[in-house]
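Chemist: Sharing a structure below in structure tokens format, with a few things to ask.
The values are calculated or read from the model by the stated rules, or taken from the named source; none is laboratory data. As the structure is a prediction and not an experimental result, all values here were calculated from the model. Cβ sites come from the backbone with ideal geometry, for glycine too, and all protein chains shown count toward neighbours. These accessible areas exclude ligands, DNA and RNA; they are computed on the full protein's heavy atoms, side chains included. Shrake-Rupley method; radii C 1.70, N 1.55, O 1.52, S 1.80 Å.
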Amino acid sequence: MKPIQKILIANRGEIAVRVIRTAKRMGIKTVAVYSDPDANSLFVRSADEAYPLGGTDARSSYLNVDKVIEACLTTGADAVHPGYGFLSENTTFAKKLEQNGIRFIGPKPHSIEAMGDKIGSRVLVAKNGVPVVPGYEGESQEMSVFKTEAAKIGYPIMAKASAGGGGKGMRRIDTPEELEAGILSAKREAMSSFGDDRILLEKYIVNPRHVEFQIFGDTKGNIIHLHERDCSLQRRHQKVVEETPAPNFPSQLKSKMAEAAILAGKSVQYEGAGTVEFILGESGEFYFLEMNTRLQVEHPVTEMTTGLDLVEWQIRVCQGEPLPSLETPAQKGHALEVRIYAEDPKEGFLPSIGKIHHLSFPTREDLRIDSGVVTGSEITMYYDPMIAKLIVWGEDRLTAIQRLMECLSETIVFGPKTNLQFLQKLVSTDEFAKGHVSTHFIADKESELLKENNKEEMKYALAGLFFSHVEVKNPWKAKVN
Ligand code: ADP
């Protein structure tokens, strides 16, 4: 297969910047596509060429298949990297690219299709021996059938949109009395978010962890795993902190889960980077949740501990190259990622839009910042209000946590409200230091995490802002030692 000459990045923000970096390092030309509000963005400036899609919101720009294909044809791009979100799991887009002789840096459309639907993917992987959460994924969507099936599964149960993603269309239902209202409300949300209101039922796993495996396949049918990531710290089913290796994760359990992850990938002849997500119960039982057929937001923690560049691997696999090794690479140290958002934790985490008057991060070797904005950038209402991903590395977990606390306290954002203080409190709790994580962790502690900082803490924060050259005592440091 001919090497790729020019990649069009069908995305925006930090992930577009991140893909452009790797492509440039590999000597591949890059094209950014952008909407009107993104005209002056960092990713547009970083690319070799930029093509205006027009439009403001996602639907009229980044999600418009025809416009993006036209951009490829006009600029002569011979491959597209879709990033995550937008068109990354859109089979119509992948197929249209194929028809136009443009390579899609991702799996084949049939793999995306098979994993794109929670009902279909559950049935498929279960057939291949991957454990799935006990539940109901039958044809009938009759309320009477849901009632009978929920009773068989046993309460509490989780009603989930088959087309779901991003934690949408999901409801925990505790009693038979709540069933009908819960299902109807999940269906309503599913219809408005995905245009598909099919629901499946799963047993609700109490106080679980979210552990996922990064897998990689090549065009020769080889699939390996690149270790796990623990993404248990979530808010409303959305990840807030991600790390690898998973804390308190016995090696026997890891081997079993890794084996199931590879089986899931093999069941769709997977090529490229994918993530198999599992839910892990308190007594060590684990079940397949879903497979994401794209690069994941949290992929940098895997890169920080393996030394690999997953985007480079994606490009190489797309060019038909075999995996560099069929062995899982060794992992070194521990990496943590947090997502810094322009949002107001005190107002229910509502996006906080506006100009970023000042943005700065500490510079140090053990810290990686993936960001699509700079001082002067605007956080708009049109897209995800993420400011940056902050990824730290340490020789071991506690060192990494300590460094993360230092980096968070030295990060400065003037302008929109942010979740910085919330994150600082979260990663400085004793339970987190001990690795006692679960998907309920944030909800259980929300009021504590949202409390105003006391005066002493504020003093340190202010000192950090105005006298950043002065060594500032970190009020949270002592807790971990
Ligand atoms: P989405 O595609 O919307 O992200 P997932 O199926 O991946 O949905 O689940 C997202 C999160 O919801 C999981 O990480 C977990 O915290 C929670 N969750 C999903 N299924 C269950 C379940 N059966 N029991 C308890 N929690 C669940």
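Chemist: Taking E285 and the conditions (1) within 16 Å of the ligand (Cβ to nearest atom); (2) crowded, with 23+ Cβ neighbours inside 10 Å, which numbered condition does it fall short on, given that it satisfies the others?
Modeler: Condition not satisfied by E285: (2).
Chemist: Still on this structure, please answer the following. Could you pull out every one of the helices (runs of 4 or more DSSP H) wholly within region 103-163 that has 2 or more residues that are among the hydroxyl-bearing types (S, T, Y) and over 15 Å from Y287 (Cα atoms)? Talk me through it step by step, then tell me what you get.
Modeler: Values: elements: 109-115, 118-127, 143-153.
In region 103-163, 143-153 are the helices (runs of 4 or more DSSP H) which contain 2 or more residues that are among the hydroxyl-bearing types (S, T, Y) and over 15 Å from Y287 (Cα atoms).
Chemist: Taking the options D230, D309, name whichever one is surrounded by fewer than 19 Cβ atoms within 10 Å (Cβ to Cβ) and over 22 Å from S111 (Cβ atoms). Please lay out each step first, then the result.
Modeler: Details: D230 fails: surrounded by fewer than 19 Cβ atoms within 10 Å (Cβ to Cβ).
The unique qualifying residue is D309.
Chemist: A further question on this structure: Within the bounds of region 212-219, is there any residue that is within 13 Å of the ligand (Cβ to nearest atom), hydrophobic (A, V, I, L, M, F, W, C) and not in a helix (DSSP H, G or I)? Show your work before the answer.
Modeler: Our first condition is that a residue be within 13 Å of the ligand (Cβ to nearest atom); within region 212-219, this holds for 212.
With hydrophobic (A, V, I, L, M, F, W, C) added as a condition, the list becomes none.
Among the residues of region 212-219, not one is within 13 Å of the ligand (Cβ to nearest atom), hydrophobic (A, V, I, L, M, F, W, C) and not in a helix (DSSP H, G or I), which makes the answer no.
Chemist: Continuing with this model, one more query. With the requirement that a residue be open to solvent by 10 Å² or more (accessible area, probe 1.4 Å) and assigned to a helix (DSSP H, G or I), what does region 92-102 give you?
Modeler: The answer is T92, K95, K96, E98, Q99.
Here is a yes/no grid of residues against (1) acidic (D, E); (2) open to solvent by less than 20 Å² (accessible area, probe 1.4 Å); (3) touching a residue at least 40 places away in the same chain (Cβ under 8 Å):
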{"residue": "I28", "(1), (2), (3)": "no, yes, yes"}
{"residue": "P37", "(1), (2), (3)": "no, no, yes"}
{"residue": "S46", "(1), (2), (3)": "no, no, no"}
{"residue": "A50", "(1), (2), (3)": "no, no, no"}
{"residue": "S60", "(1), (2), (3)": "no, no, no"}
{"residue": "K67", "(1), (2), (3)": "no, no, no"}
{"residue": "E70", "(1), (2), (3)": "yes, no, no"}
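Chemist: Do we have N90 as in the same structural domain as I28 (by TED's automatic domain parsing) and either at pLDDT 95 or above or over 28 Å from Q319 (Cα atoms) (or both) here?
Modeler: Here the answer is yes, as N90 does meet what is asked.
Chemist: Can you give me the number of residues within region 96-126 that are farther than 27 Å from I183 by Cα and of a type outside the set (V, I, T)? I'd like the intermediate steps shown before the answer.
Modeler: Within region 96-126, the subset farther than 27 Å from I183 by Cα is 96-111.
Filter once more, keeping what is of a type outside the set (V, I, T): 96-101, 103-104, 106-111.
So the answer is 14.
Chemist: Report whether or not E290 is more than 21 Å from the chain's Cα centre (by Cα) and within 14 Å of the ligand (Cβ to nearest atom).
Modeler: Working: more than 21 Å from the chain's Cα centre (by Cα): no; within 14 Å of the ligand (Cβ to nearest atom): yes.
Answer is no for this residue.
Chemist: Exactly one of these conditions fails for L326: (1) away from the ligand (no atom under 16 Å from the Cβ); (2) hydrophobic (A, V, I, L, M, F, W, C); (3) crowded, with 23+ Cβ neighbours inside 10 Å; (4) farther than 30 Å from G415 by Cα. Give me its number.
Modeler: The one condition L326 does not meet is (3).
Chemist: Restricting attention to region 360-392, report how many residues are in a strand (DSSP E or B) and either outside the structural domain of E298 (by TED's automatic domain parsing) or under 18 Å from P37 (Cβ atoms) (or both). Spell out the reasoning first.
Modeler: Step one: filter region 360-392 for residues in a strand (DSSP E or B), giving 360, 367-371, 378-379, 386-392.
Keeping just the survivors that are either outside the structural domain of E298 (by TED's automatic domain parsing) or under 18 Å from P37 (Cβ atoms) (or both) gives 371, 378-379, 386-387.
Of the residues in region 360-392, 5 are in a strand (DSSP E or B) and either outside the structural domain of E298 (by TED's automatic domain parsing) or under 18 Å from P37 (Cβ atoms) (or both).
For every residue, the table says whether it meets (1) touching a helix residue (DSSP H, G or I) at 6+ places or on another chain (Cβ under 9 Å); (2) of a type in the set (A, V, I, L, M); (3) in the same structural domain as V373 (by TED's automatic domain parsing).
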| residue | (1), (2), (3) |
| --- | --- |
| R21 | yes, no, no |
| A50 | yes, yes, no |
| S60 | yes, no, no |
| K67 | no, no, no |
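Chemist: Can you tell me which residues in region 166-200 are open to solvent by 30 Å² or more (accessible area, probe 1.4 Å), near the ligand (Cβ under 10 Å from one of its atoms) and at positive phi?
Modeler: Listed by number, the list holds a single entry, G166.
Chemist: Okay, moving on. If I ask for residues that are in a loop (DSSP other than H, G, I, E, B) and in contact (Cβ under 8 Å) with a residue 60 or more places away in the chain, which ones from region 297-313 would you list? If you could, list the steps in order and put the result at the bottom.
Modeler: Step one: of region 297-313, the residues in a loop (DSSP other than H, G, I, E, B) are 297-298, 307-309.
The answer is V297, E298, L308, D309.
Chemist: Kindly indicate the residue of region 113-129 that is away from the ligand (no atom under 14 Å from the Cβ) and among the hydrophobic types (A, V, I, L, M, F, W, C) and also surrounded by the most Cβ atoms within 10 Å (Cβ to Cβ) among those meeting that condition. Break it down into steps so the answer makes sense when it comes.
Modeler: Quick first cut of region 113-129, residues away from the ligand (no atom under 14 Å from the Cβ) only: 113-114, 123-124, 126-129.
Keeping just the survivors that are among the hydrophobic types (A, V, I, L, M, F, W, C) gives 114, 123-124, 126.
Working: A114: 22, V123: 15, L124: 18, A126: 15.
Top of the filtered list is A114.
Chemist: So, in region 237-278, how many residues would count as being of a type outside the set (A, V, I, L, M), within 14 Å of the ligand (Cβ to nearest atom) and outside any strand (DSSP E or B)? First the steps, then the outcome.
Modeler: Just the residues of region 237-278 that are of a type outside the set (A, V, I, L, M), to begin with: 237-239, 242-245, 247-252, 254-256, 259, 265-267, 269-272, 274-275, 277-278.
Within this subset, residues satisfying the condition of being within 14 Å of the ligand (Cβ to nearest atom) are 237-239, 242, 274-275, 277-278.
Add one more test, that the residue is outside any strand (DSSP E or B), and what stays is 237.
Number satisfying all stated conditions: 1.
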